[in-house]
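Step one of this worksheet: look at the structure below.
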Amino acid sequence: MTLARVAILISGGGSNMVALVRSMTGDHPGRPVIVVSNVPGAGGLAKAEALGVPGAVVDHRPFGKDREAFEAALNEVLTAAAPDVICHAGFMRIVTPGFVRKWEGRMLNIHPSLLPKFKGLHTHVQVLAAVDAEHGCTVHEVTAELDGGPILGQARVPVLPGDTEVTLAARVMVQEHLLYPAVLRRFVAGDRTPVFLP
Ligand code: GAR
């Protein structure tokens, strides 16, 4: 069996990337081929190196507001790695429809909310402000609509009395690290049936 080549895009600490990389062993149908960060020095790059996965940086800043030019540079690095699947894992860039078209149907993202609720940033703050009883995370296909592609998995956590952004984020993160590998394994095997945890 040919193993699927998985690229992972990060911007920060890369804890989801680590969970994905660690999951791709043994009978897993995929293997990590590259970790790309748009932030030079992102903590995840050292973690990727420690895990033996090649890392690359495509800094978005020299491109200013020119998203297409940044994405052309990113595409060059990605194309060289020939990924079958691209996982956004804390990759904090909005991608253009042109970039989505190039990788359509092969690109996943994890978002820290129960989509379609709380798209965008500061999701834990949004949940606390809404006084919701539950929260969670979603893995979805990346489409041209921000945080709007088909849902491939969700994990729920309770919102507890006294929760802060920090306590809530930590509770969701535990689930992110379980959900994303579970969805990726299924997706790489060609199964898009959503995964629901716990
Ligand atoms: C994760 O919570 C992920 O869901 C979130 O950024 C964090 C990255 O952490 N992503 C987004 O908010 C995307 N809109 P990590 O670098 O430790 O994986």
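Computed from the coordinates by the stated procedures, all read-outs in this text should not be read as laboratory data. Every value quoted in this text rests on a predicted model; they were computed, and no experiment measured them. When we count neighbours, we look across all protein chains shown, and the Cβ atoms used for this are built from the backbone with ideal geometry, even at glycine.
Within the chain, what percent of beta bridges assigned by DSSP are antiparallel, to the nearest 5? Please report the intermediate quantities before stating the final value.
Working: 11 of 31 bridges.
Of those bridges, close to 35 percent are antiparallel.
Kindly give the semi-axes, whole Å and largest first, of the ellipsoid equivalent to the stretch 119-198, taking each as the square root of 5 times a Cα gyration tensor eigenvalue.
24, 15, 9
Full-extension gain between TRP103 and GLU68, please, as 0.36 nm times their residue separation minus the C-alpha to C-alpha distance. Can you show the working numbers first?
Details: separation 35, 0.36 × 35 = 12.60 nm, distance 1.45 nm.
Length gained between TRP103 and GLU68: 11.2 nm.
Tell me, how many Å apart are the Cα centres for the stretch 151-185 and for the stretch 1-25?
18 Å
Just need the Rg to Rh number for the stretch 49-129, please, alpha carbons only, Kirkwood Rh.
On the way: Rg = 14.8 Å, Rh = 14.7 Å.
Using only Cα positions, Rg/Rh for the stretch 49-129 is 1.01.
Along its three principal axes, how long is the stretch 44-95 when you only count alpha carbons? Whole Å, largest extent first please.
33, 22, 16
Mean separation of Cα pairs under 8 Å and 6+ residues apart, divided by the residue count of the stretch 69-171: what relative contact order is that in percent? Walk me through the numbers on the way to the answer.
On the way: 137 pairs, mean separation 24.1, N = 103.
The value is 23 percent.
Using r as the Cβ-Cβ distance of ARG156 and ASP27, and R0 as 35 Å, what FRET efficiency do you calculate, to the nearest 0.05?
Working: r = 28 Å, r/R0 = 0.81.
It comes out at approximately 0.80.
Using Cα pairs closer than 8 Å and at least 6 residues apart in sequence, work out the relative contact order for the chain, in percent. The partial results should precede the final answer.
Working: 375 pairs, mean separation 39.1, N = 198.
20 percent.
Sequence-distant or interchain residues sharing an amide H contact under 5 Å with VAL195, placed H: which?
GLY153, GLN154
Give me the Kirkwood hydrodynamic radius of the chain in Å, from all C-alpha pairs, to one decimal place? Intermediate values should be presented prior to the final figure.
Numbers: mean 1/r = 0.0588 Å⁻¹.
When all Cα pairs of the chain are included, the Kirkwood radius is 17.0 Å.
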